[in-house]
1. Do the conditions hold for T69, that is, is it more than 13 Å from T120 (Cα to Cα), at pLDDT 95 or above and among the hydroxyl-bearing types (S, T, Y)?
2. Check every one of the strands (runs of 3 or more DSSP E) wholly within region 2-73 and list those with 2 or more residues that are among the charged types (D, E, K, R), open to solvent by 20 Å² or more (accessible area, probe 1.4 Å) and on the phi < 0 side of the Ramachandran plot.
3. Only one of (1) under 14 Å from the mean Cα position of the chain (by Cα); (2) closer than 15 Å to L18 by Cα; (3) open to solvent by less than 10 Å² (accessible area, probe 1.4 Å); (4) in contact (Cβ under 8 Å) with a residue 40 or more places away in the chain fails for L86. Which number is that?
4. Identify all residues within region 105-118 that are out of contact with any strand residue (DSSP E or B) (no Cβ under 7 Å at 6 or more places or on another chain) and either surrounded by 15 or more Cβ atoms within 10 Å (Cβ to Cβ) or not in a loop (DSSP other than H, G, I, E, B) (or both); write none if there are none.
Amino acid sequence: QVQLVESGGGLVQAGGSLRLTCAASGRTFSDHGMGWFRQAPGKERELVAAISITGGTIYYINSMKGRLTISRDNAKNTVYLEMNSLKSEDTAVYYCAASGLWYSQKERDYPDWGQGTQVTVSS
C-alpha cells in the first residue's frame, strides 16, 4: 500500500496558478504510475493527469491541456501538478492516486488514494 498526502490547494482568482504536491510513503514510489483526479460537486470523479513510472508517458484531460504540467521526483517520492490559467470550472477536490501499474488512465487501476485537497477558483 502507498500512503499519499496532498497539499497546495486553496482559493485562487480566475487566471491564477496553483501547484499541488503529493508526498508518498510506503511501497516503492518508483514502481507506481501516478494520477491526479478531481471531483466537483454533483459530478463524477475524473482523471486530470497521469504520469508513468519514469515520467516518459503523460496524459492530460482535454479541458485543461496547455494549462497543466504533471511531474514526479522519484528520489523525493513526490508527484506534482502545476495548474495555470485556472477557471471557475476547475473548482473541485483534487486527489492524488497511485496505480498498481506502470501507467494507467483507468480509475479502477488506482487502489491507493490521498484525502484530497480543495481547489477553489473565484471568477
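The values are calculated or read from the model by the stated rules, or taken from the named source; none is laboratory data. Nothing here was measured: the structure is a model prediction, and the numbers come from that model. Because the Cβ atoms are built from the backbone with ideal geometry, glycine has one as well, and the counts that use them run over all protein chains shown. When the accessible area is computed, the model is the full protein with side chains, heavy atoms only, and any ligands, DNA or RNA have been set aside. Shrake-Rupley method; radii C 1.70, N 1.55, O 1.52, S 1.80 Å.
1. Considered against the rule, which asks whether it is more than 13 Å from T120 (Cα to Cα), at pLDDT 95 or above and among the hydroxyl-bearing types (S, T, Y), T69 comes out as yes.
2. Numbers: elements: 2-7, 10-13, 18-26, 34-39, 46-51, 58-60, 68-73.
Counting at least 2 such residues, we get 68-73.
3. Going through the list (1) under 14 Å from the mean Cα position of the chain (by Cα); (2) closer than 15 Å to L18 by Cα; (3) open to solvent by less than 10 Å² (accessible area, probe 1.4 Å); (4) in contact (Cβ under 8 Å) with a residue 40 or more places away in the chain, L86 breaks only (1).
4. R108, D109
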